[in-house]
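Read the structure below first, then the notes.
The values are calculated or read from the model by the stated rules, or taken from the named source; none is laboratory data. In this text the structure is predicted, and so the values were computed from the model without any measurement. Cβ sites come from the backbone with ideal geometry, for glycine too, and all protein chains shown count toward neighbours.
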Amino acid sequence: MTQKTYDDLTVILPTYKEEGNIQSMLETLDSLYPGVSIIVADDNSLDGTPDLVRAFAADHPRTRLLNRDPDDRGLTASIMEGIVETRTELFVVMDADFQHPPESVGGLYDLLAQGADMVVGKREDKNSLSSSRMLASWGANALAKSYLYVMRRPTAEDTMSGFFGGRTAQCQDVISRCGGKFERAGFKVLFDILKFMPRETVVRELEFHFSSRRSGQSKLSSRVILSILRQCGLAGKAAALGVKFLFINVLGRYVSALALGLTFTFALMGSLNVAYDDHLVNSTILAFVLALAYLVVANKYVFTHGKRDRLITGMKMVFTGFSGFLISIFFFYMLFSTSYTIQTWPLFIGFGIAYLWNTVSSVIPEK
């Protein structure tokens, strides 16, 4: 029986610091798919990744390492260059960390061979993701699908997937015509490709089990969130600016938390018909300003240092929230207010809402 070969397929592996995975991945692909070409689009890793690829390529001439421009960094830029450099009729893009199973490459290839223009690996099990990453993934996917639907472009159930393939000539044409509009420093190139594909493009999907990475660390950060927003046209770019200011910029978190907390505090005081004069208003505002100044600095420190397991994170949240509230009450009663009749729970609720807003913002990794 003649062994099936994959001479018309290239697997593109975008890598960055994958020293612990790349050797095993290359050997696995070479074993599973005789005749396959492999392009490693490395984003200027400073570990041993490039050396391992060169050593493997010395004995496997169908494997290539792209020498990328260090001034053109980014996952999307790496994949774009890999597609442009592909010489076979078909290609598949996948991660080198084994979250995308090499065994599923054959299934994507078969869908392309059956006539699909684009194929997308659909993650059927995301249990390996943390709850925050799962929520972020769901939100980003919903945003991308909505944008593609409104723009009447081909879409997929999992537009955030980094495991996909296509017809080389068609995708090279898209990159040639519209590559200047891609988010080159971004992370979700499939979304960019689908944005500029013809409306009649046939997209097929293949479910796969999404596993934990074998080695190394995830590169997820706030940059990924902002990048996806910027991919959604002018409105998305405006939203990215707002998110960056409100959730990532320290001053923005401070201003938004202050405004949110004071709004709730005075709304509750008004609903209780609390009689307060200008001095009481000034006292409340000054207490919030000084307490939140402490809170922003405290959160900035405690959530970016030390261990991040759930118990310790919970203890940090309780400590910063409670101590910040005590500081707020101290400034209100001891330094500024001459009134001791005001009910404290509106101030407590207002400060609590401000604290939660600032805390949620502070735990988003910045880079």
Task: Selection count, the range 61-85, where residues are under 15 Å from SER45 (Cα atoms) and free of Cβ contacts under 8 Å to residues at least 24 places away in the same chain - done: 3
Open item on the list: Can you find a residue that is of a type outside the set (D, E, K, R) and modelled with pLDDT under 80 anywhere in the range 255-268?
Closed with: no
Task: Residue among THR341, THR313 that is over 21 Å from VAL255 (Cβ atoms), at pLDDT below 80 and exposed (fewer than 12 other Cβ atoms within 10 Å of the Cβ) - done: THR341
Task: Residues of the range 30-76 that turn out to be under 15 Å from PHE91 (Cα atoms), among the β-branched types (Val, Ile, Thr) and outside any loop (DSSP other than H, G, I, E, B), as a count - done: 4
- [ ] Could you list, in sequence order, all residues of the range 85-101 that are under 25 Å from the mean Cα position of the chain (by Cα) and either under 29 Å from LYS181 (Cα atoms) or crowded, with 19+ Cβ neighbours inside 10 Å (or both)?
- [x] PHE91, VAL92, VAL93, MET94, ASP95, ALA96, ASP97, GLN99, HIS100
Open item on the list: Is it the case, given these coordinates, that ARG153 is modelled with pLDDT of 80 or more, under 22 Å from ASP8 (Cβ atoms) and touching a Leu at 6+ places or on another chain (Cβ under 9 Å)?
Closed with: no
TODO: Output the number of the condition that ASP69 fails; it satisfies all remaining conditions of (1) modelled with pLDDT of 90 or more; (2) surrounded by fewer than 20 Cβ atoms within 10 Å (Cβ to Cβ); (3) of a type in the set (Asp, Glu).
DONE: (1)
- [ ] Answer with yes or no whether ARG64 is modelled with pLDDT under 95, over 29 Å from GLU200 (Cα atoms) and in the same structural domain as ASP173 (by TED's automatic domain parsing).
- [x] no
Open item on the list: Residue under question is ALA238, and the condition is that it be modelled with pLDDT of 75 or more, more than 23 Å from THR10 (Cβ to Cβ), assigned by TED's automatic domain parsing to the domain that holds THR344 and not in a strand (DSSP E or B); does it hold?
Closed with: no
- [ ] Sort out which residues of the range 13-59 are touching a residue at least 40 places away in the same chain (Cβ under 8 Å) and either small (Gly, Ala, Ser) or not assigned by TED's automatic domain parsing to the domain that holds VAL105 (or both), and write them in order of number.
- [x] GLY20, SER24, SER37, ALA41
